[in-house]
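The values are calculated or read from the model by the stated rules, or taken from the named source; none is laboratory data. As the structure is a prediction and not an experimental result, all values here were calculated from the model. When we count neighbours, we look across all protein chains shown, and the Cβ atoms used for this are built from the backbone with ideal geometry, even at glycine. Surface areas here come from the heavy atoms of the whole protein model, side chains and all, with no ligands, DNA or RNA. Shrake-Rupley method; radii C 1.70, N 1.55, O 1.52, S 1.80 Å.
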Amino acid sequence: VFRDTGSLLMPCYASCAGVQYIVLGVIVPCHTASLGESLPMQQILAIRESYAELKDLRLRIYLRISEYGWRLSMMCSCMALVALLVHYFHEGRRENAIKYGSPFGYASMCFTAMWLLGMLFHGVAKTEEVALDASLVCVRGLIHDLTIDNDLEDGVQDVSYAFSMIDWSNIAAKYAVLDRTLERLWALDNIGGLWAMRLVMLSFWSLAFAAAGVHHPDLAFRWSFRAIGVIFAMSCVRLLIRLANVAALCQDQCRTSGSIVAAVVRYAGRIPETSSELARVNFQTFLVHILQNPMGVEIFGVPITMSSVLNIALRLCVYVPIACTVISDFLYPHES
């Protein structure tokens with residue numbers, strides 16, 4: 001069908017781009033501004049301030065880059081619109097111009113992809129990035145509270161001394177507050193909804209470009225669509241990896257991971273004999289609690305861990321491109 005009706009691609013492409021302009025340019029910024037003042041956001045920022053010494057410069061660098069990245073994205077959107085209009089109204093009048101592509105068609109496609117990536121990573125992502133940075137700082141702060149005498153050798157005597165210096169009831173209370181705050185912050189009606197929107201948009205455009213790369217009659221356009229689809233898929237996976245880093249700092253049981261679980265398990269079997277019975281009970285209760293109730297980020301009720309990210313990455317970055325290539329070679333065997 002598309003071999004004979006290639007001109008239908010540009011109106012559909014223009015309609016999807018128009019919807020994205022409205023969503024990313026009007027709706028999402030207004031919603032993001034309101035969530036920036038939400039109670040969970042204010043709570044996580046307040047907790048982060050108690051660990052001010054653990055903050056780094058990456059967030060400041062990102063915000064500085066975003067000021068220029070947002071402007072560059074808007075320039076790309078204007079250039080994409082101009083190229084699209086020229087391509088559709090001028091070159092589209094020539095036979096097979098839209099169907100088989102042209103320089104302005106390629107330019108419109110590339111500028112639109114740059115605009116989408118720029119807006120999703122810089123334009124509407126500032127509040128989400130602040131929330132993610134605050135979450136990481138708060139988790140690192142709790143780990144810091146669990147690693148007293150971190151500069152000493154990890155011997156039995158040193159760990160036993162550190163155990164006696166920790167108020168395990170206070171640590172459990174901090175963990176409960178942070179767990180509750182993260183759950184509210186990353187809910188779908190808060191920052192989690194904005195992050196889910198970015199993931200859904202990146203996945204949608206990855207699949208859309210991959211699908212366009214299957215049926216488009218022009219060989220160069222097909223490979224360009226596939227390449228852009230892979231870029232969007234890798235961007236989606238990159239966002240998921242950053243979310244999975246929070247879960248890794250909370251749940252990773254590897255001794256050298258530096259997670260909350262690793263920091264607590266470090267004291268197992270090294271409780272000093274002089275410690276009180278209350279301290280022993282509080283430690284054992286806290287250890288069982290963090291193992292049975294892991295803390296992290298959930299999207300659509302699914303915990304974002306490295307294993308789930310790996311499964312999604314294989315589907316988006318490997319299975320989909322291979323499937324598109326096989327289908328395209330079947331439709332166009334003379335150009336394979």
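Figures for the structure shown
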quantity	calculated
Packing-based order for 258-266, 312-320, 108-116, 64-72, using average beta carbon neighbours within 10 Å, highest first	108-116, 258-266, 312-320, 64-72
Solvent exposure of the stretch 147-298 as accessible area per residue, Å², 1.4 Å probe	46
Solvent-accessible area of K55 with every protein chain in place, 1.4 Å probe, in Å² to the nearest 10	80
Of all accessible heavy-atom area on the stretch 200-259, the percent that carbon and sulfur account for (1.4 Å)	68
Average Cα contact separation per residue, the stretch 210-336, under 8 Å, 6 or more apart, as relative contact order %	35
Shape call, the stretch 169-266: gyration tensor on alpha carbons, a/c limit 1.5	oblate
Where S206, S307 fall by accessible area, highest first, once all protein chains stay in place (1.4 Å)	S307, S206
